[in-house]
Each structure stands twice: as structure tokens, then as C-alpha cells.
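Worksheet: the structure to be examined is printed underneath.
The values are calculated or read from the model by the stated rules, or taken from the named source; none is laboratory data. All values reported here derive from a predicted model rather than from experimental measurement. Here the Cβ is made from the backbone with ideal geometry for all residues, glycine too, and neighbour counts use every protein chain on show.
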Amino acid sequence: MVALTRYYLALLGHSQRYIPAVLAYLALASILYSDPRSPVLPLYGVSGGGMIVVSCWLTIALLDIEDPVQRLVTLSHARQWRRMVGGAVITVFCSVLALTLVTETWSMIRILKFQPGALGIGFVTHLACGLLGIAIALPCSRLLVNRIGWTVIAATVTLVVVILAKIPLIHPLLQALTSSRPLTGVLILGVTTSIAALVASFLAVSSVVRRRA
Amino acid sequence: MSLLRLAGVGKRYGKGEFVLEEVDLAVEPGRVLGILGANGSGKSTLLRIMARVSTASAGTLHGSPTIGYLPDRFPAGQRMGARAYLKHMARIGGLDDLSMIDPLLERLALVGGPTAPLRTLSKGNAQKVGLAQAVMARPELLILDEPWSGLDVSTHAILGELVAETRERGASVVFTDHRPQVVHDQADDVHLMENGRLTAEITEPATRIVLHGNGTDWSDEPGVRHVHAEGTRVVLTVDLSTVDAVLLRALKDGWSVREVAPWSP
């Protein structure tokens, strides 16, 4: 899995398809965390929403780089679809982790306050959002959808529904963060449902892609 | 003991027609097996199933040798260099010793050298990288889909050497091609793939007869192995012993004989 992750990181790096999403996210973060007087938790709610979009973009971009025939060559070395999809998930998760650390560090420097509780909530929120973005992207990616137009439509619709609609995934957490409501329950809900969504998405996509191959 | 044995293997995509049906095949150690067939006959599908990158819809596969797989085209569209790509593939396959990569690329005379980005390579040079990734781990079973296509003449000889070396170390090779001469030159055993079915090896020479006309149902004619019709042009593959009888009937039925030539399976 480490070798696959290294390969996927190299693929993503060479392709430069990460640049638009990462630049957009960094621009968002630079605007959000520019005011030292702003309360930090609502800002984490907004950048967390941005993280869902970034991780979704990175997953779709990564799985689109290899031509389907070349993917079969990689599969002949990796031997299992689950390893292939797992490698892609870990690769994007590494990127999410890096962006989360950048966001946390940036917010700490700009706001000039060390708030361990808020930092912890921000860290967990961003990671949960990243996992959910990967979970949304896997079934919309080239693994299952052959045409990029349908991929974009499917991912956009799902992202809008998941972020804005009042369904008990990450929406209650993001709303609680931005409106200063109690967080404990919705944080646990957000983390649990994000992990569950990723596991379900990973297992379903690995199974379907293997059966369709 | 076979390296890999296929029993009743079939393949269909979704609810469509079977593109591969009832394939029984055993790959013995140290043998080179050639599969001869026209484009679209199901050769690539069969090889993908043997390479375990595609799942059979019916039947079973027994045996799990280490496999090197080269698809019929190697679509190298990445900015990554050839050497870096091969190192990644070797690591993914669990190899620790990567010292074979540079000598292999040198032997294959990769134009642009080992650091050449994959996307800048010509079709033939990309196919060399594809070949390198398939053979570098010295697999027990080497599966090559139309490997001679796109390679220059000097690389044909190197590919022949690689196939021979694989056989000498007791590993097996399965390859496909649509040219009878290529298959017979390289393979120990030849199988024919036709309309998704793997037919028994036929070693007896035959004759190819090209006719122009219409009216006769040649599929029931004794000695006619295969009929291929394109409008008023019909190509028959006929047993050597029945050529005269088939030609006589063709002339009696008003067909024009355009070509009679030897054909080897």
C-alpha cells in the first residue's frame, strides 16, 4: 500500500491537476483567516466545507490520470482492486492531512491565540470533511463513470446536497460551527458518518469495479 | 501440474452477449503458448482474465502464478520518466531489488533514455516500457497481448530472446497475434480463437480460396473449415485434401475463383 501511495502521489504531482483545487482552497483560507479578531470556530466551519470540495476534486483528478488500460497494468502489479482504491484513498487523505495542518497553523499564526480546544475541533472537522469528500468522489470517479461530464454533474449535485441540505452527515457540524451552537454531539455524528460513508463507498466501489472489469 | 488452468471460462459485459465462451486451457510450465485469432475474436479478453485483471463471468481458474502482463497497447500519457515508472511498478509488485531496470531499458534501446517522460515516447518506445514492466519481475507466467505490434524489427529479436529466456528458466509465456506466421515461429503450442471460442489446435496445413459470386452455402461443404463472407467476396479455409472438390463445386455453381493460396494455422 505504501508503494501504491507513493506512485499515486507521484502521479498527482506530475499531472499538476491538484493545483486549481489547492490554490482555490488556500485563497479561501487566506481570506477567512485574515482578520485576527474573528472567532475561529465559524471559520473552521467554512474552511471545512471547502475541504470537502478539495478532497473530492483531488480524488476524481487522481483516478482520472491513468488510462483504463494503464490502470490494468498497475492492477496486474497490485493484484487487487481493493489495494488500488485503498492506495488512492490514502494518497488523498495524506493531501487532506497536509492541508489541514496548513489551515490549523495559519489560523493559529493569524489569530495569535493558542486555543487547544478549538484547534482540536478544527483538526477533526477538516479531517472528517476530507474523508466525506473522498467518499463522495469514489463512485463519481472514472472508476465507475466513463465520461468526465457525468462525473462533474454527479459530484457537484452530491456535494451541494451533502453540504447544504439538512441531512445528518456533515451539515449539522458545519452549521453548529458557523452558528456557535453546542458541538459535542454533532462532532461525533460528523466524524462517525464520514468514516462510515468512506468505508461504505470504498467497499462498494471496489466490489463494483472488480465485477465490471 | 499446470501453472494455470481454465475450465469452462466465459465472459460477458453486463447483460450483453458472451464475448468468450466455454474456454478450457491449461498452461504448462516451460511452454510458450500462442493464441491465433482475428481482431475482435476475444483474445485480449481471454488474456485479461488469465492475467487476473478481469473477472470471468463463468467457469473457474485454477493456479495463481506470479504474472507479468502486457496489454495490446501501452497508453503512456504521463509526465513521469520511464525509469521512475518502472521503479514504482516494481515496488508495487513487492520487488526490493530494482537493479534490473536500467540494463533492461538499455537492452530494449529505449529512445530518449531511462529518464524520458512517458508521454513523449513514440508508440513503439512506449510498448518497450510496457514490455519492460511485464518482464522485469521474472514472472512465472508472462502474458503478452499482440507484443510484436508496434515494435521495430531490432526489438522483435530482443522480444524473441526474452520469450526464449522465460521458457528456459521454466516459466511460461502466453501471447496472441493475428498473424499465423508469427505465432508458429514463436509458440510451442498454438490455439485458435474464433468468435469467443478457443478451438483445438489444428496443425494440418490448409488452403485459402477466395471466390466471387453468390448462391452456395459453404458452411456445410465437407472439408471447409472456415467461411468468411464480405458481400459477394467469400474467403474459404479448406482442408488440403478437399481443395479440388471445393474448387470444382465453386466453378459448377458459377463462382469466379480469384485466389488459391497455402494457409498455415
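The rows are residues; the columns are (1) polar (S, T, N, Q); (2) more than 7 Å from chain A (Cβ to nearest Cβ); (3) surrounded by 21 or more Cβ atoms within 10 Å (Cβ to Cβ).
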position: B:S64; (1), (2), (3): yes, yes, no
position: B:G68; (1), (2), (3): no, yes, yes
position: B:P71; (1), (2), (3): no, no, yes
position: B:P75; (1), (2), (3): no, no, no
position: B:Q78; (1), (2), (3): yes, no, no
position: B:R83; (1), (2), (3): no, yes, no
position: B:M89; (1), (2), (3): no, no, yes
position: B:G94; (1), (2), (3): no, yes, no
position: B:I101; (1), (2), (3): no, yes, yes
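Tell me, yes or no, whether the range A:113-129 has at least one residue that is within 30 Å of A:L72 (Cα to Cα) and over 18 Å from the mean Cα position of the chain (by Cα). No, that holds for no residue. Restricting the range A:49-98 to residues that are in contact with a Ser or Thr (Cβ under 9 Å, 6 or more places away or on another chain) and acidic (D, E) leaves a set whose member that is farthest from the other protein chains (Cβ to nearest Cβ) is A:D64.
Which ones in the range B:92-115 are charged (D, E, K, R) and under 27 Å from the mean Cα position of the chain (by Cα)? Walk me through how you get there before you give the answer.
Step one: list which residues in the range B:92-115 are charged (D, E, K, R), which gives B:96-97, B:102, B:106-107.
Within the range B:92-115, B:E106, B:R107 meet the criteria.
Considering each residue of the range A:65-81, count those that are more than 20 Å from B:L86 (Cβ to Cβ) and crowded, with 17+ Cβ neighbours inside 10 Å, and give that number.
Number of matching residues: 1.
Taking the range B:119-155 as the range and being in contact with a strand residue (DSSP E or B) (Cβ under 8 Å, 6 or more places away or on another chain), surrounded by fewer than 22 Cβ atoms within 10 Å (Cβ to Cβ) and farther than 22 Å from B:A187 by Cβ as the test, the residues that pass are B:M136, B:A137. Could you tell me whether any residue of the range B:215-232 is within 24 Å of B:D102 (Cα to Cα) and either surrounded by 15 or more Cβ atoms within 10 Å (Cβ to Cβ) or in contact with a Phe, Trp or Tyr (Cβ under 8 Å, 6 or more places away or on another chain) (or both)? No, the range B:215-232 has no match at all.
Just to be sure I understand, how many residues within the range B:15-54 are over 28 Å from B:H228 (Cβ atoms) and without any contact (Cβ under 8 Å) to a residue 12 or more places away in the chain? Residues flagged as over 28 Å from B:H228 (Cβ atoms) and without any contact (Cβ under 8 Å) to a residue 12 or more places away in the chain within the range B:15-54 amount to 1. Residue by residue through the range B:74-129, note down the ones that are assigned to a helix (DSSP H, G or I), in contact with a Lys or Arg (Cβ under 9 Å, 6 or more places away or on another chain) and aliphatic (A, V, I, L, M). Listed by number, the residues that qualify are B:A82, B:I92, B:I101, B:L105, B:L118, B:A126.
Filtered by the rule that a residue be outside any loop (DSSP other than H, G, I, E, B) and surrounded by fewer than 14 Cβ atoms within 10 Å (Cβ to Cβ), the range B:178-198 gives B:Q181, B:D185. Remark: B:V210 matches the filter, which requires a residue to be in the same structural domain as B:R249 (by TED's automatic domain parsing) and of a type in the set (V, I, T).
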